[in-house]
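Heads up: the structure comes next, in structure tokens.
Just so it is clear, none of the values below were taken in a lab; they were calculated from the coordinates. Values in this document were obtained by computation on a predicted structure and should not be read as measured data. Cβ: placed from backbone, ideal geometry, glycine included. Neighbour counts: every protein chain shown.
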Amino acid sequence: MSLSRSVAPLARTAFTSASASRRTLAESVRSASAFASTSTGPRRNLSSSSAPRKPTAVAPSPAVSDFASSASSLPASAVSDPPASISSTSQAIAALRTQPQHYVIASLVGRAFLLSLSDIVTLPRLKDVRVGDVLELERVHEIGSQDYTLRAQDPISPRVRTEHYAATGVNPLEGASSTTKWTSRLIPAGLAFTGAVLRPETVRVRCVVVEHTKGKMEYIVKKKRRKGYRKTIKHKQPYTRLRVEEIRLGDA
């Protein structure tokens, strides 16, 4: 008798929980069907046999239409045309003069430097110059700007001889060597730029000697084995600093 009394409440609780779950399931189905019936949007058919929908045309915004109308109303002269081909040095100089800033590639002490206006270059000591002296660079290989570049022809490359060389009879493999210039007395420091140079009538670069300075202290230790000889040498490398004062195009 006690067993039946204990099992009956369990059966009643299981029956009530099952009926409650059925009610909640039925209510959820009814709410889902009600939501589907109340939705006003078009129903999508996911079957493979359905025909694809055609894209609808979207009207352009007023800002885009105004910009298109203003661009179409511009005159033909307002649109910039690409520059014509340059066939002479004078045309190249005229094109370079239209640019605001210029750069040059020049050789100093056997090395090629990329220089622009107001740049300061540190070189090994130049004994023959003083502070304030104006020096003109001779070996200028290239001058350019943001849009144009004028480069001297490399005489070592296997190119066809130009009309100038053919008219004057000058051998392009013979470099312009001069012992009267201050740059010819400089000792090359390696990595020499083996290119042709532009004529002084094309470009002139002038630098001003800013100062003669020295580098940091260097310690050189010399010794001999089994001799007890040891010597420390202190040295400061002297340098000369130049400032690019002027980059002139042509004789003007």
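Mind listing just one residue for me: the one in the range 226-242 that is surrounded by fewer than 15 Cβ atoms within 10 Å (Cβ to Cβ) and under 35 Å from the mean Cα position of the chain (by Cα) and, of those, farthest from Leu198 (Cα to Cα)?
Of everything passing the filter in the range 226-242, Gln237 is farthest from Leu198 (Cα to Cα).
With respect to the numbered conditions (1) part of a strand (DSSP E or B); (2) over 30 Å from Lys236 (Cβ atoms); (3) out of contact with any helix residue (DSSP H, G or I) (no Cβ under 9 Å at 6 or more places or on another chain), which one is the sole condition not fulfilled by Ala112?
(2)
For the range 213-225, what are the residues that are loosely packed, with under 10 Cβ neighbours inside 10 Å and part of a strand (DSSP E or B)?
Lys216, Met217, Tyr219, Ile220, Val221, Lys222, Lys224
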